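Take a look at the structure below.
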Amino acid sequence: MQGTDLKRLNDADQLIREIAAEFGLEFMPQEFDVVPAQKMLEIMAYRLPVNFSHWSFGRDYEIERTKFEHGYAVPYEVVFNSDPCRAYLIDTNPFPIQVLVMAHVYAHNDFMKNSRHFRNSRRDMITSAAAAAERFRAYEEDYGIDAVERLIDAGMAIQWNIDPTEHLHRQNEASVRDRLYGWDRQLPSRGPYNDVLPERPKATREEKRALQKRTPPEPTPDLLGYIIGHSPRPLAEWEKDVLSVIKNQAQYFLPYRQTKIMNEGWATYWHEQIVQRLFQEKFLSAEEHGYFNLYNARVKAHNPRSLNPYLLGHAIFKDVERRWNLGRFGPEYEETTDARTREEWDTGLGKGREKLFEVRRTHMDWFFVDEFLTREVVQDLDLYLYLEHEHPSYYEVVVEETGWKRVKQILVHSLMNSGIPRILITDGNYRNSLQLYMEHAYEGLPLHEEYARKTLELVHHLWDRPIHLQTREPVNDRTRDKLYTADESGVYVRRGGNS
Amino acid sequence: MAVVQPDYSSAPRGKTDAARHRHKVKEAIRQNLPDIVGDEAIITRKENQIVKVPIKGVKSYQFIHGRTGGEGGGFGSGESQRGKVIGRRPKQGQSQGGKPGGEPGTDYLETEIDIEEIIEMMLDDLGLPNLRRKQVRETVIPKGWTFDSVERTGIRPRLDKKRSIKEAIRRTETLVAVLMDQTGRSEQDCRRALAATQGDSTAALRLLESGTVLPPVSDEPEYLLESDDLRFRTITEDVEYQSNAVILAMMDVSGSMGTMKKYFARSFYFWMLSFLKTIYRKVEIRFISHTTEAKLVNEHEFFHKGESGGTKCASAYELTAELIDTEYSTSHWNVYPFHFSDGEDWDPYRTVEATKAVLGRQPAALGYGEIQTEYSASVLMKALEEGLGLGAVQDNGFLHYEGKYNETPILGVVLRSRDDLYPALRTFLKPDRGDLP
């Protein structure tokens, strides 16, 4: 890239920053690195600019490279929640795409600074991951690449089985026990709703005695955290370090997963607004603006077999803005059935933008969709649910459901817990012999058989003693208990009675 | 400035970890061999030995939801018509690319792989069938040259300098000792005398006896090379003996052999040749193309020239028989006649007779591949099946024909699609290694 281009990019950066601030976006200092495509593909695959080595990142790199070389490359944007906020631009992209990406990134920056779900994430993850990469390399030299790889395999298998609310109640086992005993040393902070919180009954003697021995004192979804602290293997310090790095990275990426639709919708909404201004102010030529429009259409393209978060998030934000401008919300509006009245509804409220800023601060995907996905948006976007019907040599993909209520209901459900099955460790000393007992909170969908077995093998590698996983599986119209057990000789399944 | 272009010249990490993944995915590539073997891009590739093959990545396991009724699903947008079919997804094992949904980590990716590596993977599966050690004459394979012995005469390029210098040193030291013994002068004087007389021992003796004081020559002892000192090496050719094998590749190039059929036949021979050239140091291959008449052609013509006209397969077998008689006597050679056609034959009975004539000469094995399409009028496989008493064998879902004529195994395959290429290769090139050293 030539120096003049870099200068024009810097001009664009300054202009975009001014326009974004004028719109009311609040962001951390922003930095852009212009990098070759190969480096960009690497960052996308490794999830962080410099990260530890693992074959799965190598695989993802080849997947990204394949997509890139076949030209499904949407204008790439990679942005990290760090302070200053770091983002990347591909050196070969044409100027209008760079501008699109930069405007988009400023909105992400604002989102990450202001969404409450990002508030507790570590903003030093970039440097911390680079340091971890160094340490892992040393471990590979000291303990062998295979041992390190096997450990990372196992850690990554349960990386998403973390406690999404961990930052809200940092606590150790002793304090959990105290709470369960009813001995809370610190009283909960006094708030306006304290009087409606249920009073916890004091534990009886029996309960206390049982509690003293129970580990974990109450079921925990934090599989990696519990294993790091309690594995009877026992884990060496370097192994705990590797697993902790994996856990911290998953924790860091969790808010991205929880707010994918919102975050991308927000950024798309604002890059359109900002680029429009750039064009009006004649910073972009008509030809460049045309180019932008072309790429912007690709950003918001329909996917027949997956939901495009840019498209859906943008459409919902637009709809929210319109409805809060016209006052189209609340019981009075909801209960109006007359199509014409609804069509002409306008209270002159004009609070669209205000509402947008409020929503981006508080919501995450599943309740964003639950609260704001309307019949109009579902119908505008022609959202549907598809199913695959089995044929002798292929699956036929068929549009199954277009009814807005049903589509929305299933979508919201699939967004909860980011689509990860909820698995809790209920006993770390099962049968009084340090076996691990886990329970799957069955919510209508069974575990994927092959994946469950292989994952259990990997977890067993971390725990070493036998491990168990209690779940359910559907049989005709009912479900029945299913218990997986993994030990050094393999994985077994026992099935219980119907219910 | 907030927009900067840092230097990212550090070693690319993606590639090294990709290699690690590729190592893991080897097994997957092996399972994909049938797909890869059928891939046109490989056969039509230019010089480049590296090809890109689509594979499925190794899965990253984690707890995920399964399906209730074995059917997957998801969300999409842009369609409002209920019941509309929006696509198909091939089942596993029958995939030809495309992106299966449902499970994570099953994205297709293209990985670069060396043809050699692919052939390496075939190695475990394939080899020449019924390869016998022929007693009378084995092919002599030159492995280069080795030095054999050292002689006093020879040509200059083969002068062994080290040996020659050694001889000179040995001779000079002996002379010095003899002179010291005879004259009683010091070692130094004797050396100087020898140097002064250019190594002439009689003159040196005379000089020493005359009692002349000799001028110092040099501190280092001096050695003079004489023609007696020169040593030369002789060389002989290094050879290895290996069983003779010749492939007589016959192919129908008549008008009825459409592009697709020729592609099958060529693919098959391409892989067979690449493969044989890799594992056997010396395999002779002769190319016979035929319409109603057969002729010997070179490799390029064989693969690139098409002709029109009718088909008499017998002509190819007759030419093969002739070649065996004149050049590749089966007492010296393992002869492998292979034939590909679409099964159209104006005179199948004559072909059966001609085939029997070839079999009567006891080749190592005989293979026939018939490329059938919906519309081809294939008669030859049927005729051979009846005429030679072949039996149908089902192996891993691939149907082929097997039989024996005297001691010669006969193999017949029917190719209907690209997916049949690899099984066909496996059928033809099923080694029985028992007889091999």
Inset, instruction - List the number of the failed condition for B:Arg281; all other conditions in (1) at pLDDT 85 or above; (2) assigned to a loop (DSSP other than H, G, I, E, B); (3) charged (D, E, K, R) hold. - result: (1)
Inset, instruction - Go over the candidates A:Ile261, A:Ile274, A:Ile246 one by one and state the one that is modelled with pLDDT of 95 or more and under 28 Å from A:Glu439 (Cβ atoms). - result: A:Ile246
Legend entry - Residue ID - farthest from the other protein chains (Cβ to nearest Cβ), chosen from residues in region A:354-380 that are within 20 Å of the chain's Cα centre (by Cα) and open to solvent by 60 Å² or more (accessible area, probe 1.4 Å): A:Arg361
Inset, instruction - Just one of (1) within 27 Å of the chain's Cα centre (by Cα); (2) part of a strand (DSSP E or B) trips up A:Val398, so point out which. - result: (1)
Legend entry - Members of region A:381-399 found to be open to solvent by 40 Å² or more (accessible area, probe 1.4 Å) and facing chain B (nearest Cβ under 7 Å), listed by number: A:Asp382, A:Leu387, A:His389, A:Glu390, A:Ser393, A:Tyr394
Legend entry - Pair list, Cβ under 7 Å, 6 or more apart: region A:76-103 residue more than 17 Å from A:Ser285 (Cα to Cα) and in contact (Cβ under 8 Å) with a residue 12 or more places away in the chain, other residue β-branched (Val, Ile, Thr) and open to solvent by 10 Å² or more (accessible area, probe 1.4 Å): A:Phe80/A:Ile126; A:Ser82/A:Ile126; A:Cys85/A:Val79; A:Arg86/A:Ile126; A:Ala87/A:Val78; A:Ala87/A:Val79; A:Tyr88/A:Val78
Inset, instruction - Among what's in region A:255-291 and is among the small types (Gly, Ala, Ser) and crowded, with 21+ Cβ neighbours inside 10 Å, pick the residue that is farthest from the chain's Cα centre (by Cα). - result: A:Ala267
Legend entry - Check on A:Glu443, surrounded by fewer than 19 Cβ atoms within 10 Å (Cβ to Cβ) and facing chain B (nearest Cβ under 8 Å): no
Legend entry - Scope region A:455-492; condition open to solvent by 10 Å² or more (accessible area, probe 1.4 Å) and outside any strand (DSSP E or B); matching residues: A:Glu457, A:Leu458, A:His460, A:His461, A:Asp464, A:Arg465, A:Pro466, A:Asn476, A:Asp477, A:Glu488, A:Ser489
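Residue-wise test of (1) farther than 27 Å from A:Asn417 by Cβ; (2) within 21 Å of the chain's Cα centre (by Cα); (3) crowded, with 22+ Cβ neighbours inside 10 Å.
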{"position": "A:Val50", "(1), (2), (3)": "yes, yes, no"}
{"position": "A:Ser53", "(1), (2), (3)": "yes, no, no"}
{"position": "A:Thr66", "(1), (2), (3)": "yes, no, no"}
{"position": "A:Cys85", "(1), (2), (3)": "yes, yes, yes"}
{"position": "A:Ala103", "(1), (2), (3)": "yes, no, yes"}
{"position": "A:Phe118", "(1), (2), (3)": "no, yes, no"}
{"position": "A:Arg123", "(1), (2), (3)": "no, yes, no"}
Inset, instruction - Take region A:315-350 and flag every residue that is assigned to a loop (DSSP other than H, G, I, E, B), over 22 Å from A:Asp365 (Cα atoms) and aromatic (Phe, Trp, Tyr). - result: A:Trp345
Inset, instruction - Within region A:1-24, track down each residue that is in contact (Cβ under 8 Å) with a residue 24 or more places away in the chain, open to solvent by 10 Å² or more (accessible area, probe 1.4 Å) and closer than 30 Å to A:Glu358 by Cα. - result: A:Leu15, A:Arg17, A:Phe23, A:Gly24
Inset, instruction - Could you tell me whether A:His314 is in contact with a His (Cβ under 9 Å, 6 or more places away or on another chain) and of a type outside the set (A, V, I, L, M, F, W, C)? - result: no
Legend entry - Boolean, A:Asn248 is closer than 30 Å to A:His363 by Cβ and part of a loop (DSSP other than H, G, I, E, B): no
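The values are calculated or read from the model by the stated rules, or taken from the named source; none is laboratory data. What you see is a predicted model, and the numbers here were worked out from it, not measured in a lab. Please note: Cβ atoms are built from the backbone with ideal geometry, for glycine as well, and neighbour counts cover all protein chains shown. Heavy atoms of the whole protein, side chains included, go into the accessibility calculation; ligands, DNA and RNA do not. Shrake-Rupley method; radii C 1.70, N 1.55, O 1.52, S 1.80 Å.
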